[in-house]
Amino acid sequence: MRNAILCFLKEGDSLLLLKTKYPDKTVLNGISGYIDEGETAREAACREANEEVGIEINPGDLYQLGTHDIFTVFITEHWSGEPNPQEESILETNWYPADSLPYEQMHPGNQSWLPQMLESYES
């Protein structure tokens, strides 16, 4: 299994979630994608952010929250550009309060690990 990244943009008390259509479901989640050969997780997060929502992130502005399964999970409060869907599978982007994310619309199981990672960032 290839390693992947998951990256959340944080603005104030809110996180950006992408409504993404997969062949078998539509879910909300952060920016995500696989790490290409020869690429670091930070480089992959910056590339995916540009490909998925058209923004630029400096790798040094990413804070690593941790890892879960195949994912290295990042968060950042610094980027340039306005995040908007750039790929056909991304139906929309919306900001959600970080303390009440719509877990029922996200990938199953996110609620079991993501809240603790987010709390570690705010500490």
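The values are calculated or read from the model by the stated rules, or taken from the named source; none is laboratory data. Note that the coordinates shown come from a computational prediction; the quantities given were computed from them, not determined experimentally. All Cβ positions, glycine included, derive from the backbone under ideal geometry; neighbour counts span all protein chains shown. Accessible surface is based on the protein model in full, side chains and every heavy atom, while ligands, DNA and RNA are left aside. Shrake-Rupley method; radii C 1.70, N 1.55, O 1.52, S 1.80 Å.
Just a few scattered comments:
- The residue 111 and residue 69 beta-carbon pair, evaluated with R₀ = 22 Å, returns a calculated FRET efficiency of approximately 0.90.
- Averaging the sequence gap over all C-alpha pairs within less than 8 Å and six or more residues apart, then dividing by the number of residues, gives the chain a relative contact order of 31 percent.
- Sequence of 25, 10 when ordered by accessible area, the most exposed leading, probe 1.4 angstrom: 25, 10
- Amide H within-cut-off set for residue 14, under 5 Å, with H built and near neighbours excluded: 98
- Karplus-derived HN-Hα couplings along segment 9-26 (A = 6.51, B = -1.76, C = 1.60, θ = phi - 60°), whole Hz, x at Gly and Pro: 8, 10, 10, x, 9, 10, 10, 7, 10, 9, 8, 10, 9, 9, x, 10, 6, 10
- Residues whose amide H comes within less than 5 Å of that of residue 65, counting only those at least five positions distant or on another chain, are 73, 74, 75 (H built at 1.01 Å from N in the peptide plane).
- Label-to-label distance, nm, for residues given as residue 25 and residue 78 (7 Å Cα→Cβ offset): 3.5
- Full extension of the chain segment joining residue 58 with residue 120 gains 20.2 nm, where the gain is 0.36 nm per residue of separation less the Cα-Cα distance.
- Residue-level accessible surface for residue 93, protein heavy atoms, 1.4 Å, Å²: 30
- Rounded to 5, the percent of DSSP beta bridges in the chain classed as antiparallel: 75
- Residue 34 exposes around 100 Å² of accessible area when a 1.4 Å probe is run over every protein chain in place.
- Solvent accessible area, Å² - residue 69, 1.4 Å probe, full protein context: 130
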